[in-house]
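Just below is one structure, and these are the notes that go with it.
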Amino acid sequence: MAVDYLYWVGMAAVAVSALAGVMEAQRQEVDLIGATFVAVATALGGGTIRDLLLNRNVFWIADQTYLITAILFGCAAFFILRRKAIPARWLLVPDAIGLALFTVLGTQAALQWHAPWLAASLLGVITGVFGGVLRDVLCNEVPLVMRAGELYATAAWLGALLLIGAEAYGIDSMTASGLAMVAVLTIRLAAIRYHWTLPAFPGKP
């Protein structure tokens, strides 16, 4: 049951992240192929880096359903957003959902591969944020994770650590995953709402 649960969480994460990719691409006035490319990179990039680091089969090559889902949702989002543009700030919501889902998936994958707890937590963060990094680079933007602003990677890391800690205390995998997803999403959205930030270097004089 836990495997099936994570599988469908993965599909949801791919779909939401593909939408977030196209929402960013619309600001660059790209065509259908360009928008779909950004969608696929956003949806599959973090998990690809995770699997390469773990030296295991890349998930969307092992199961092309993930790739098909990213392409279909990317194309659908393109045609919907052509008819009605969405304000840039709305991108933050699907991005936060994708961050929460992919962080948990990445952490669980690393744990199942018997990675040490700290490495597993960082692989969860990589899975959560790297798709967004690719999206922003392809759209000629400074990656969101590199900007001084509301908690982003920190929210992912806290959620990954919560998942690992919960399982260490005997909480079952599904419950721990659900708690971690809610934690990442809550922290990220609260950080946006209340402007929670980390200390940063001062701006240029």
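The values are calculated or read from the model by the stated rules, or taken from the named source; none is laboratory data. Please read all numbers here as calculations on a predicted model, not as lab measurements. All Cβ positions, even for glycine, are placed from backbone atoms using ideal geometry, and neighbour counts span all protein chains on display. Calculation scope for accessible area: heavy atoms of the full protein, side chains included, ligands and nucleic acids excluded. Shrake-Rupley method; radii C 1.70, N 1.55, O 1.52, S 1.80 Å.
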(request) Mind listing whichever residues of region 16-29 are open to solvent by less than 60 Å² (accessible area, probe 1.4 Å) and free of Cβ contacts under 8 Å to residues at least 60 places away in the same chain? (result) ALA18, VAL22
(request) Identify all residues within region 91-126 that are among the polar types (S, T, N, Q) and free of Cβ contacts under 8 Å to residues at least 24 places away in the same chain; write none if there are none. (result) GLN112
(message) Can you tell me how many residues within region 169-205 are of a type in the set (A, V, I, L, M), in contact (Cβ under 8 Å) with a residue 24 or more places away in the chain and under 17 Å from GLN112 (Cα atoms)?
(response) 2
(request) Output the number of residues of region 171-205 satisfying the condition of being of a type outside the set (Asp, Glu) and either in a helix (DSSP H, G or I) or closer than 16 Å to GLN108 by Cβ (or both). (result) 23
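Okay, residues lined up against (1) open to solvent by less than 10 Å² (accessible area, probe 1.4 Å); (2) over 23 Å from GLY45 (Cα atoms):
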position: THR103; (1), (2): yes, no
position: LEU151; (1), (2): no, no
position: GLY170; (1), (2): no, yes
position: HIS195; (1), (2): no, yes
(request) Restrict the check to region 190-202 and report whether at least one residue is at pLDDT 95 or above and of a type outside the set (Ser, Thr, Tyr). (result) yes
(message) With the structure loaded, tell me whether THR42 is in contact (Cβ under 8 Å) with a residue 24 or more places away in the chain, open to solvent by 20 Å² or more (accessible area, probe 1.4 Å), under 16 Å from SER17 (Cα atoms) and of a type in the set (Val, Ile, Thr) or whether it fails that test.
(response) no
